[in-house]
Amino acid sequence: MADNLSEALKTLKLSSADSASDSVEGCLDCLLKALAHNNVETSGKIQEMGALAMMPALLSAQNSCTPKVANIIAEVAKNEFMRSPCVEAGLIPPLVQLLNCKDQEILLQTGRALGNICYDSHSLQAQLISMGVIPTLVRLLGVHSQNTALTEMCLIAFGNLAELESSKEQFASTNIAEELVRLFSKQVEHEKKEMIFEVLAPLAENDVIKLQLVDAGLVECLLEVVAQTVDSDREEDVAQLKTASDLMVLLLLGDESMQKLFEGGKGSVFQRVLSWVPSNNHQLQLAGALAIANFARNDGNCIHMVDTGIVQKLLELLDRHVEEGNVTVQHAALSALRNLAIPVANKSKMLLAGVSDVVLKFLKSEMPPVQFKLLGTLRMLIDTQADAAEQLGTKTKLVERLVEWCEAKDHAGVMGESNRLLSALIRHSKSKNVVRTVIQGGGVKHLVTMATSEHMIMQNEALVALGLIAALDLDCAEEDFVGANLVQVLHKLLTDEHSAPEIKYNSMILICSIMGSEPLHKEVQSLAFIDVVSRLRSHENKTVAHQASLTEQRLTAQS
């Protein structure tokens, strides 16, 4: 075998490139045979003898030998150590050129060769994209859709190329959406559908392509898959149900594609997705709740959905998952409720529907993603709703849990949301009872820490809540204010040149509010706040400057 191989390689090097002579053909057959027998060893020999350098000329000749040459390259490039030599030998340009020919065997072997050379190399795949292979391959898929092997080659190529961000724009300028949906709708084999799914998922991350896929009818195909697989226990059906419903949710992440499918709340797709929520299938419950969360991305949709009774469906779903619940379903349903609670018009309706009672059942959850969404939902619900804020803010168990989560150092999101809800309960209720519940629950120190947050919005929320605590129950809060170094924190906020005007303003309001406490008053004097405040009288923000004058007068009068 080895002797034959060496002979064949020598003959090949001596043959003229453009001759499709029997001798060249015989040499190529010998190489293919040797590669089939021992690919690694033969590939090494091919490189050693310098045969790769012959290949560009053999490819460019385009004759009866061409498919065999491309096949040899495809086989050789299965080996990682051969990929760079293939690139260095200049094989990529002539291979790309061959994608324009009509011969199906040449196209197949060329696609394999390019795929193997560029396998796992983002830089080479990016090079192919810049050479314009995407429109060429999309066209091939349309022309040769009857050829199973070619179709698969195109799908594998798309799967690899679609991972690259640079490919999305090129894909969007072709009719890839129509081609893939047409192909998908004809498929009966599970494996084929999976292959197409693997291309659709990365492509559907692009908003332009999302809309093209919706227009091409992908949603109807996905709903069909769901209907066919929902009652099946077969592993492949369960996997396909998950892929189809996940892809459906992904299509709803684009604003245009989402609105198109919502159709003012009357869309058949929207109605079908709603029917998933009460289903007994966890995957469909999850997809249904996530879909609602995505539809609930603008106020108009949210108001329509609340008016048509979606909240009840979500509450029933959550109730089913209180004990031993599915965490992903809990998280998705809470996400949907949180989004629905954003428009002011929905808050009182959702509170009346009992949303806060159901959400509070999840206070015992130990799962940070669920805790995070639960907190966000409650915070949205009580925004501007004084009665609800008072009701919740006087629930000792809730406040104690919030204080506990304010210390969740491992989960910054949960910690931040707990602080914000604690502050919101005080700010929206303006109730002495809530203030007292928060003081007794140990929440004051957390609000003082929150005032030092790197996020201005959180600093502000904390200062307003602390101002209300001082105004409503300074005697009760005094010890906590001293223990949490409130006065030093305010000093730092007022002297820090990076503090926003509203932070300085609210800090001065708070200084005035705590002057009625003797120990706090002493601290204010010892830190020479009068000097700090008098400097702020020349602040460029008129409101800050005015408040500085008022604060200075107050401090002077009480010194």
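Computed values, structure above
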| item | result |
| --- | --- |
| Contour minus Cα-Cα distance for V188 and K522 (0.36 nm per residue) | 112.1 nm |
| (i) 2.32; (ii) 1.12; (iii) 1.39, with the label sought being that of the calculated Cα Rg over 2.2 N^0.38 Å | (iii) |
| Three-way shape label, segment 155-230, alpha-carbon gyration tensor, a/c 1.5 | prolate |
| Mean accessible surface per residue for segment 70-130, computed with a 1.4 Å probe while every protein chain stays in place, in Å² | 42 |
| Segment 169-247, accessible area per residue, ligands and nucleic acids excluded (1.4 Å, Å²) | 47 |
| Paramagnetic label zone (point 7 Å from Cα along Cα-to-C-beta, H498; backbone N under 19 Å) in segment 454-471 | 454-463 |
| Accessible solvent surface per residue of segment 496-554, calculated while the other protein chains remain in place, 1.4 angstrom probe, Å² | 53 |
| Expected-Rg normalisation [2.2 N^0.38 Å, Cα atoms] applied to segment 424-559 | 0.98 |
| Environment charge at A451 (Cβ cut-off 13 Å; Lys +1, Arg +1, Asp -1, Glu -1) | 0 |
| Cross-link partners of K409 among lysines (Cα-Cα below 26 Å; sequence separation of 8 or more within a chain) | K361, K364, K373, K395, K397, K445, K492 |
| Tensor-based shape of segment 246-290 (alpha-carbon gyration tensor, a/c under 1.5 rounded, otherwise prolate or oblate) | oblate |
| Cα gyration tensor of segment 341-482 - equivalent ellipsoid semi-axes, whole Å, descending | 22, 18, 14 |
| Segment 405-448 - percent of accessible surface contributed by carbon and sulfur, probe 1.4 Å | 44 |
| Carbon plus sulfur fraction of accessible area for segment 93-134, probe 1.4 Å, in percent | 50 |
| Student exercise, the chain dipole from Lys, Arg, Asp, Glu Cβ charges, in Debye to nearest 20 | 1360 |
| MRE, 222 nm, helices only [DSSP H, n ≥ 4, -39500 (n - 2.57), over the chain, to nearest 500] | -23000 deg cm²/dmol |
| R535-S84 pseudo-label distance in nm [points 7 Å out on the Cα-to-Cβ vector] | 6.0 |
| Positive-end residue of L315, G264, V344, charge dipole of the chain with Cβ unit charges | V344 |
| Modelled FRET efficiency - R0 60 Å, N433 with E169, Cβ distances, 0.05 increments | 0.55 |
| Overall dimensions of segment 92-134 as given by Cα atoms, namely Rg and Dmax in Å | 10.0, 29 |
| Simple spin-label estimate for S348 and N485 in nanometres, 7 Å along Cα-Cβ | 4.5 |
| Packing-based ranking, highest mean first, of 66-75, 144-153, 82-91, 174-183 given that Cβ atoms within 10 Å are counted | 66-75, 174-183, 82-91, 144-153 |
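The values are calculated or read from the model by the stated rules, or taken from the named source; none is laboratory data. Treat the numbers as computed from the prediction; the structure is a model and nothing was measured. Cβ atoms come from the backbone with ideal geometry, glycine included; neighbour counts cover every protein chain shown. The area values use the complete protein model at the heavy-atom level, side chains included, leaving out ligands, DNA and RNA. Shrake-Rupley method; radii C 1.70, N 1.55, O 1.52, S 1.80 Å.
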